[in-house]
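> Got a structure for you, questions after.
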Amino acid sequence: MTGFATRQLHAGERPDSGVTPRALPIYLTAGFVMDDFDHAVDHFSTGDGYSYTRVANPTTEAVEQRIADLEGGAEAVLVGSGQAAVAITLLGLVGAGQHIVSAAQIYEGTRGLLLDNLTRHGIETDFVDDANNPDAWEAAIRPETRVLFAESIPNPRNEVLDIEAVASVARRHGIPLVVDSTLATPYLVRPLEHGADVVIHSASKFFAGHGAVLGGVIVDNGAFDVTSTLFPHLTAPSRTGAPSFAQRLGGRARIGYLREVMGLRFGPTLSPFNAFLIGQGIETLSLRVERQSANALGVARWLAAQPEVHSVDYSGLDDNPYHALAQRYLPNGQGSVFSFTLRGGTAAAGAFIDALEVFTHMTHLGDVRSLILHLATTSHNQRSPEQLERAGIQAGSIRLSIGIEDLPDLLADLDRGLAAVRALSV
Ligand SMILES: Cc1ncc(COP(=O)(O)O)c(C=O)c1O
């Protein structure tokens with residue numbers, strides 16, 4: 001090697017891979033060197049090993065395996081955002097002319113995807129208002145339905161999904177129940193243990209916890225029914241005559257398709273660096289979620305006792321309509337994202353939010369810091385007044401995501417907000 005351009009690329013040793021770092025190493029590389037000709041032939045025929053980070057990366061895989069383990073799933077696939085996880089899961093299961101049934105109370109980004117975007121690709125969605133009524137799901141299912149979709153703790157009102165009730169409907173029809181469990185995390189509830197087939201998370205939220213990266217993950221129970229006739233793209237041989245996903249992967253056909261086709265062809269790859277940061281976050285997940293849930297209960301109880309507050313939507317409160325379900329599904333804590341409603345409408349909400357010093361005003365959740373957002377003018381501003389009312393969101397409704405700060409400091413901050421509300425009416 002003599003030329004400068006050649007040497008600037010190839011001079012020096014390759015790192016010795018014989019060492020074993022205790023922290024997860026970051027393989028921040030687009031691809032991997034093939035040792036020799038036979039290695040390449042072998043990789044392309046068996047899929048074993050690593051070739052290109054969009055296909056597989058050791059850092060990302062290590063975090064995927066940890067998440068699959070925590071959820072009690074067979075396999076997980078990490079992608080670039082929670083929204084990507086939702087989109088590729090649905091597109092990997094439902095095609096043009098087919099149908100989704102979804103709970104009405106879901107994250108606005110997912111609702112928009114279903115209503116505005118999947119419709120363009122010939123996929124329709126019907127929404128179930130009372131997500132805990134199995135008859136309502138049953139009535140919405142059509143012969144073309146391929147997915148039931150819901151959130152374990154729906155964003156933003158801290159309702160609790162009766163996972164087993166919806167899962168039993170899904171099972172009767174041989175349709176997977178996909179649960180977005182972002183607000184719960186596997187520390188609070190593991191939907192696969194209650195009959196769900198697929199779990200999705202925005203890893204940008206509690207998994208990371210630090211609010212520094214975006215990521216999304218799909219976890220599958222590995223129990224795809226290979227005799228099903230509803231998903232020919234999983235059970236029929238490929239265009240080239242190669243064995244079907246079901247023949248090759250058995251119960252893991254669904255997640256294999258999400259990894260090998262939806263991940264690879266649609267390309268929502270997570271950076272290995274972000275996988276590392278999500279992995280770092282997960283190492284303290286239970287500690288954070290436990291503390292955040294305890295803080296949230298303290299905040300909810302305090303708010304419920306204030307005259308300026310009309311209502312508090314937190315299933316940990318004894319008089320909340322979801323309290324019994326919370327005790328059944330969320331005995332370790334009811335999460336830390338919930339809404340409450342001020343009596344004074346939008347003006348009160350504005351004065352309240354602008355007076356806060358500890359809470360951060362932003363559209364994010366699951367962070368170690370406490371966050372606040374007015375719903376009707378931000379995340380839910382595309383909804384009509386009737387739709388807002390149906391969703392239980394009023395002009396004075398505010399979403400909180402409670403962090404790990406000292407509870408007295410959070411209460412003092414909220415008290416500052418209420419003082420600003422009182423000052424409005426003087
Ligand atoms: C319940 C839920 N699912 C999915 C998403 C989308 O995740 P991301 O922001 O990582 O794309 C969010 C984001 O707020 C969410 O709250």
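The values are calculated or read from the model by the stated rules, or taken from the named source; none is laboratory data. Here the structure is a predicted model, which means the values were calculated and not measured. When we count neighbours, we look across all protein chains shown, and the Cβ atoms used for this are built from the backbone with ideal geometry, even at glycine.
Matching residues to (1) free of Cβ contacts under 8 Å to residues at least 40 places away in the same chain; (2) in the same structural domain as residue 269 (by TED's automatic domain parsing); (3) surrounded by 10 or more Cβ atoms within 10 Å (Cβ to Cβ):
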residue: 17; (1), (2), (3): yes, no, no
residue: 20; (1), (2), (3): yes, no, no
residue: 24; (1), (2), (3): no, no, yes
residue: 31; (1), (2), (3): yes, no, yes
residue: 36; (1), (2), (3): yes, no, no
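> Which of the residues belonging to the stretch 208-245 are free of Cβ contacts under 8 Å to residues at least 60 places away in the same chain and within 26 Å of residue 270 (Cα to Cα)?
224, 234, 245
> Quickly run through the stretch 150-186 and pick out the residues that are within 11 Å of residue 199 (Cα to Cα) and more than 10 Å from the ligand (Cβ to nearest atom).
Matches in the stretch 150-186: 150, 176, 177, 178, 179, 185, 186.
> Could you please let me know if residue 406 is over 30 Å from residue 127 (Cβ atoms) and under 29 Å from the mean Cα position of the chain (by Cα)?
It is true that residue 406 is over 30 Å from residue 127 (Cβ atoms) and under 29 Å from the mean Cα position of the chain (by Cα).
> Within the stretch 39-95, track down each residue that is surrounded by fewer than 21 Cβ atoms within 10 Å (Cβ to Cβ), assigned to a helix (DSSP H, G or I) and within 16 Å of the ligand (Cβ to nearest atom).
Result: 83, 91.
> Name the residues in the stretch 315-354 that are in a loop (DSSP other than H, G, I, E, B) and touching a Gly at 6+ places or on another chain (Cβ under 9 Å), would you?
315, 316, 330, 333, 334, 335, 336, 343, 344
> In the stretch 394-422, what residues are closer than 30 Å to residue 103 by Cβ, part of a loop (DSSP other than H, G, I, E, B) and without any contact (Cβ under 8 Å) to a residue 60 or more places away in the chain?
Matches in the stretch 394-422: 395 only.
> Here's another thing I want to ask about it. Identify the residue in the stretch 355-376 that is assigned to a loop (DSSP other than H, G, I, E, B) and within 14 Å of the ligand (Cβ to nearest atom) and, among all such residues, is farthest from residue 207 (Cα to Cα).
375
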